[in-house]
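The values are calculated or read from the model by the stated rules, or taken from the named source; none is laboratory data. These numbers come from a predicted model, not from an experiment. When we count neighbours, we look across all protein chains shown, and the Cβ atoms used for this are built from the backbone with ideal geometry, even at glycine.
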Amino acid sequence: MALEWIGMVFLAVAMVFLWSRPERLLGLQIVATVFGGSAAISLPALGGTTVAPALLCLAILSVCILKFGHLNNLFESMAPGKAGFWLLLLTLWGILSASVLPRLFSGDVSVVSMNRAAFGAGDGVPIDLLSPGSGNITQPLYVVGELAVFSVALIFLQLEDGLRLAARAVIWVAGLNVLAACIDLFGFYSGLGNLLEPLQTASFAFMPEAAFAGIKRINGTFPEASAFAGFTLPVLAFCYVLYREGLWRRTTGPLALASLVVLLLSTSSAGYGGIALYAACAVAVSLASGLRQGGKTHVGHYMALGAWGALAITILLLALPSLREQAWTIIESTLLYKGESSSAMERGEWNLVSWNAFLDTWGLGVGLGSARASSLPMVLVSNLGLPGTLLFLAFIWQVLLGRLPAGIDPQHRAITKAARHGVGAALIVAVLVASVFDLGVLFYVFCAIACTPAMLYRPVREPAANTRLAGVAA
C-alpha cells in the first residue's frame, strides 16, 4: 500500500478538521469526489487498484464517529424500516454472492471479463467462462465503503446546519468541476497539453487527447468524457433545483448553466441522452407532484427555460454557420446513429451476455464483481441476480419516494429535493452506460441527504445527541 501525494494533502486537511472543525469533514469528502481520476492510495497487491480521495476521507469520518461516541447512531441509520436497512441487506448479499456464486457456477456461465488486462489488449473486452477473480474482492469492498458513506453521512447531516454545509460543499464541487473542464479545454486548444495530468493518477485508462468532429472531448479530472458527463449531470441537477427553489440563486443559477455548457461541450452520448431524459423526467415529476399535492407545477419556469434555450441555440447557429455542421455531425454520431456504431453493438453484446448469465444462474446472478455489462439493470441482474435487484430497488424507492415530514424547514425541503434530483440524474446515466455496480461516493451522499429529514423531523424528538458532535464549538 502506498499513499500518493494527493492522498497526503487530503489526509492532512482531514486531520486538521478532525481536531478543530469536525462538522466540516463531510464537506471535505464531498469536495474530494470531484477528484474522481485521482489516487489517494495505491494497492499493488490487488492488481494496481487505487483508492480515491473521497474514500480516504471516509476513514477520517469514521474515526470522528468513534472519537465522539456516535456508533449507536451509525447502527440506527441501518435499522429496519429505514433506507439504510435495505442497503445493508444489499451489501450482505453482495458479499455473499461474490464469495459463493463465482465458485458455484465456475466454468458453466459465459460473462464479460472483469480482467483489467483485457482492456489493454486493443481487441475489446473478451467473453470468458465465469471464474473467481479480483473483481470479487474489490467490488464488495466498494459496496461496503458506500454503505459506510451513506450511514456516516447521515450522522453528519443531522448535526446543526449539517444539510446546509453539505449543500454548499456540492456547490463547491460544481464550481471545481467547471473549472477543471475549462482547464482541460484551455490546455488542449492552447497546445499546452494535458494540464490536469498531475491529478489523473488512478488506475484507469485516461484519454486526455480524445476529440470528436474537431471538438475536444472534455474529461476534466476524470478518465474520459462519459465519466465526466456521468458526474456532471447529477451536480447540474442539484444546483438547478436549488436555483428553482430560490436557494443561493446568484451562485446556483450560474453554476447550473455553466455545468450544462460543459456537459454539452463534452460530446458524450451518455451526457446528451442523460440530459434529455433528466429534463423530461424533471418536468413530468414536477407536474405530477404539483397537481397531486396542489402545489407548484413550475409550468411557467419550464416554458421560460425552453424559450431562452431555443433563442440561445438559434442565435449561435445563425451567428456561426460552421457550428451548424459540427453540431449536426455530433448529434448524428452521438444520438441518432449511435446504435449503429461498433461500440454500441459491442455494448449490446455485453448486455445480451449479461442477461443470459442471469438466466443460466436461475436468477441468482454470477456474483458481485464477476462480470461487466453496459447498463445498470443488466449489471444488477447479472451480478446480484433477482435478490440483489429487488433490494436495490427497495433502497431507491425509499430514497426517492419517501414522504417528506410535515413542518420541514423550507431550506431543508429544497436541499432534499435537489438531492433527489441528483440521485435520479445519476441513475439515468447509470441505466445508459454503467458497466459495474459502483455508483460512487457522491451518489450515496445524495441518498443520505434525501433521507435526512426522516431522521431530523420525528414525531418525538430524541435527546440532542444527534445535533452536535461532542467538543464542537458553537
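Brief remarks follow.
- Flag if Leu400 is surrounded by fewer than 19 Cβ atoms within 10 Å (Cβ to Cβ) and either among the hydroxyl-bearing types (Ser, Thr, Tyr) or within 16 Å of the chain's Cα centre (by Cα) (or both): yes
- Within segment 223-251, if we keep just the residues that are β-branched (Val, Ile, Thr) and within 27 Å of Ser269 (Cβ to Cβ), the residue that is farthest from the chain's Cα centre (by Cα) turns out to be Val241.
- Hey, Thr252 of a type in the set (Ser, Thr, Tyr), surrounded by 19 or more Cβ atoms within 10 Å (Cβ to Cβ) and within 11 Å of Ala418 (Cβ to Cβ) or not: yes
- Filtered residues of segment 68-100 (kept if within 27 Å of Leu11 (Cα to Cα) and surrounded by fewer than 15 Cβ atoms within 10 Å (Cβ to Cβ)): Gly69, Leu71, Asn72, Phe75
Results for (1) touching a helix residue (DSSP H, G or I) at 6+ places or on another chain (Cβ under 7 Å); (2) among the aromatic types (Phe, Trp, Tyr), shown as yes or no for each residue.
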residue: Thr49; (1), (2): yes, no
residue: Leu58; (1), (2): yes, no
residue: Lys67; (1), (2): no, no
residue: Phe75; (1), (2): no, yes
residue: Leu89; (1), (2): yes, no
residue: Gly94; (1), (2): yes, no
residue: Ser99; (1), (2): no, no
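- Residue ID - surrounded by the most Cβ atoms within 10 Å (Cβ to Cβ), chosen from residues in segment 179-228 that are among the hydroxyl-bearing types (Ser, Thr, Tyr) and in contact (Cβ under 8 Å) with a residue 60 or more places away in the chain: Thr221
- For segment 162-197, the tally of residues that are of a type outside the set (A, V, I, L, M), at pLDDT 90 or above and closer than 17 Å to Val34 by Cβ stands at 6.
- Residue match in segment 19-27 (condition: of a type in the set (Ser, Thr, Tyr) and under 17 Å from Leu199 (Cβ atoms)): no
- Cβ-Cβ distances below 8 Å connect the following pairs, each with a first residue in segment 360-379 that is without any contact (Cβ under 8 Å) to a residue 40 or more places away in the chain, a second residue that is of a type in the set (Gly, Ala, Ser), and a separation of six or more residues or different chains: Gly363/Gly385; Met378/Ser354.
- Scanning segment 232-243 for residues that are among the aromatic types (Phe, Trp, Tyr) and buried (at least 24 other Cβ atoms within 10 Å of the Cβ) gives Phe238, Tyr240.
- Criterion applied to Val431, Val436, Val441 was being over 28 Å from Ala59 (Cβ atoms) and within 13 Å of the chain's Cα centre (by Cα), and the one residue passing it is Val431.
- Hey, Thr267 out of contact with any His (no Cβ under 7 Å at 6 or more places or on another chain), over 25 Å from Arg347 (Cβ atoms) and either hydroxyl-bearing (Ser, Thr, Tyr) or surrounded by fewer than 23 Cβ atoms within 10 Å (Cβ to Cβ) (or both) or not: no
- Hits in segment 25-45 (condition: buried (at least 24 other Cβ atoms within 10 Å of the Cβ) and touching an Asp or Glu at 6+ places or on another chain (Cβ under 8 Å)): Ser38, Ala39, Ala40
- Here Leu90, Leu66 are screened, and the one residue that is part of a helix (DSSP H, G or I), within 27 Å of Ala394 (Cα to Cα) and of a type outside the set (S, T, N, Q) is Leu90.
- Criterion: under 24 Å from Leu199 (Cβ atoms) and touching a residue at least 60 places away in the same chain (Cβ under 8 Å) - qualifying residue of Ala39, Ala14, Ala59: Ala39
- Between Ala117, Ala59, Ala79, Ala98, the distinction of being modelled with pLDDT of 90 or more and either in contact with a Phe, Trp or Tyr (Cβ under 9 Å, 6 or more places away or on another chain) or within 30 Å of Ser134 (Cβ to Cβ) (or both) belongs to Ala98 only.
- Residues in segment 405-422 that are among the hydrophobic types (A, V, I, L, M, F, W, C) and buried (at least 24 other Cβ atoms within 10 Å of the Cβ): Ile415, Ala418, Ala419.
- Of all residues in segment 367-397 being among the small types (Gly, Ala, Ser) and under 16 Å from Thr91 (Cβ atoms), the one that is surrounded by the fewest Cβ atoms within 10 Å (Cβ to Cβ): Ala394
- Scanning segment 61-71 for any residue that is in contact with a strand residue (DSSP E or B) (Cβ under 8 Å, 6 or more places away or on another chain), closer than 30 Å to Pro223 by Cα and not β-branched (Val, Ile, Thr) turns up nothing.
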